[in-house]
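Written out below as structure tokens is the structure these notes cover.
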Amino acid sequence: MLRPLAAAAPLVAVCLGLTALHDLARHLEAALALLAAGFVAWAVAVSRLERRAAPERPAPPAHAAFARGVLLAALLMRLPLLALPPSLSDDVLRYLWDGRVALSGANPYALAPDDPRLAPLRDEEWQRMPHREVATVYPPLALGAFSIAARSPWPLLTWKALATAADLATCALLLAVARRRRLPPARAAWYAWNPLVALEVAGMGHVDALGVAAAVAAVLWLLPPRRPWRSAAAAAAAVLGKLVPLVALPLWARRSGRPAAYLALALGLSAAALLPVAAASGGVPPGLVTYGVSWEFDGPLFEPLWRLLDHAGVAALLAHAVDSAKAATGWYDALNPLYPFLYPQLLAKLLLAAAVLAAVAWFGVRSSVDSDPVTGTRRLFAVLVVGSATVYPWYLLWVLPWAALERHRPWLLASAVAPLAYLAAHRGVTLFPAVWLAVWAPPALLALALAGRAARTRRRGPAAAGGAAPPLEAP
């Protein structure tokens, strides 16, 4: 236990330094410098831990002691961050508001915070909350957790403690996954000790921690000895924490060996909670529609794609095509509503959404009972992040557990440079191309370099490389 604690000591010091800064948005440059030091310490500490730690299949007492050391170090990193105010992201203000609305008996899916019917609930936090015109987008399990925190005398601390507990559960589940896959237990530290993870969950209190924990549990129970029913229930919990894992259900179902039954249980549990939401909202919740149509920030492909479509005049070409269709068919009333949707940002989102759906279908078809759900899940969530129009730093939480287990260096590097996006959010630095390049160019270049080296190794063959080389792949 002592070895992980000693290795993580510099990371705990960095978290204490962030807590001393307190308002990270106000002291953003100092915070980024501390985080940079933390990521260097993280890379050195976990690399040394992997080299010097117990073998891949240690005796149970040694494994248990090592796991306790990793988890205790992760806890020590997160505890001081609980004192941070939500300065880098104000999402937590919305969580607590939604919890208060639900406790009042009102419907947060139908009533936006600025609705006059919610005026009795307004307070100072409501004044600080952005996007008050948009109803909530969070699924029922998340909303239930918000309500628990909102009922507490200390709502913010209670919520952050709940999210941190879920995050620590993710760390413990990753240790279990590593053991089942006969991986070094130190692999879990690539996630458990990641400064971005600790900051975004314990520090800023992001709800993604709930869904990520359930998703890791779903994958754990797909590994031998399989527990498909437990996995399906965990998959439903992940969806009800945040909708992201919906894309992974076909992959996980095929991997379970009982795809029809798995999907029936996972989707049935999800529908039991989501259908009342849809009924109360009159369909898809309006907040979710607004998010999908209007939100955009630092998407890896979205940012250059919509500008390329704009430069090529694609929207004008499509408008001309609609004009021609109206003249040819006389369907003026039917085709006129298309014009408001013909702008480059929305067209880019539609193209990327089609690509993501194709990837989901492809992974679902390719997966089998014998395929590795860790690799498949990492690739699928990576496709989702790369194809998203909105990628805040905490969105990487969905990829990082799997990247940690596989020591996938491009995505681990992406987590280290992701906080640079806060320069656009809080310092007015131009997002594209300056911040976009700073965030996405380093991991993309590393992925290309590793893919090129792997290709050269395959061409030379194992003999020329001095033995079989481990596979290296792009994200």
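The values are calculated or read from the model by the stated rules, or taken from the named source; none is laboratory data. These numbers were taken from a predicted model, which means no experiment stands behind them. Note: ideal-geometry Cβ built from the backbone for every residue, glycine included; neighbour counts use all protein chains shown.
Data overview
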{"quantity": "Residue in the stretch 367-405 that is nearest to the chain's Cα centre (by Cα), counting only those that are in a loop (DSSP other than H, G, I, E, B) and within 18 Å of A218 (Cα to Cα)", "calculated": "V399"}
{"quantity": "Pairs with Cβ under 8 Å, 6+ apart, first in the stretch 334-359 and without any contact (Cβ under 8 Å) to a residue 60 or more places away in the chain, second of a type in the set (S, T, N, Q) and in a helix (DSSP H, G or I)", "calculated": "L335/T329"}
{"quantity": "Failed condition for A59, given (1) closer than 19 Å to D167 by Cβ; (2) at pLDDT below 95; (3) of a type in the set (A, V, I, L, M)", "calculated": "(1)"}
{"quantity": "Scope the stretch 252-261; condition out of contact with any Lys or Arg (no Cβ under 7 Å at 6 or more places or on another chain) and surrounded by fewer than 24 Cβ atoms within 10 Å (Cβ to Cβ); matching residues", "calculated": "R254, R258, P259, A260, A261"}
{"quantity": "Residues satisfying the stated conditions in the stretch 141-175, i.e. over 21 Å from the mean Cα position of the chain (by Cα), in a helix (DSSP H, G or I) and free of Cβ contacts under 8 Å to residues at least 60 places away in the same chain", "calculated": "S147, I148, A149, A150, R151, P155, T158"}
{"quantity": "From the options G211, G205, residue that is surrounded by 21 or more Cβ atoms within 10 Å (Cβ to Cβ) and not in a helix (DSSP H, G or I)", "calculated": "G205"}
{"quantity": "Which listed residue is in contact with a helix residue (DSSP H, G or I) (Cβ under 6 Å, 6 or more places away or on another chain), under 26 Å from A280 (Cβ atoms) and small (G, A, S), from A112, A119, A142, A169", "calculated": "A142"}
{"quantity": "Residue match in the stretch 366-387 (condition: over 29 Å from M204 (Cβ atoms), modelled with pLDDT of 95 or more and exposed (fewer than 15 other Cβ atoms within 10 Å of the Cβ))", "calculated": "no"}
{"quantity": "Tabulated pairs, the stretch 437-455, first in contact (Cβ under 8 Å) with a residue 40 or more places away in the chain and within 17 Å of L396 (Cα to Cα), second buried (at least 18 other Cβ atoms within 10 Å of the Cβ) and not small (G, A, S), C-beta under 7 angstrom, 6+ apart or interchain", "calculated": "V439/D298; V439/V417; V439/L420; W440/P300"}
{"quantity": "Count of residues meeting criterion [assigned to a helix (DSSP H, G or I) and either of a type in the set (V, I, T) or surrounded by fewer than 21 Cβ atoms within 10 Å (Cβ to Cβ) (or both)] in the stretch 97-140", "calculated": "16"}
{"quantity": "Candidate set from the stretch 299-308 (those that are aliphatic (A, V, I, L, M) and in contact (Cβ under 8 Å) with a residue 40 or more places away in the chain); member that is nearest to A438 (Cα to Cα)", "calculated": "L301"}
{"quantity": "Residues of the stretch 176-202 classified as out of contact with any Cys (no Cβ under 7 Å at 6 or more places or on another chain), of a type outside the set (D, E, K, R) and in a helix (DSSP H, G or I), total", "calculated": "13"}
{"quantity": "Residues satisfying the stated conditions in the stretch 221-235, i.e. assigned to a helix (DSSP H, G or I) and surrounded by fewer than 24 Cβ atoms within 10 Å (Cβ to Cβ)", "calculated": "P228, W229, R230, A233"}
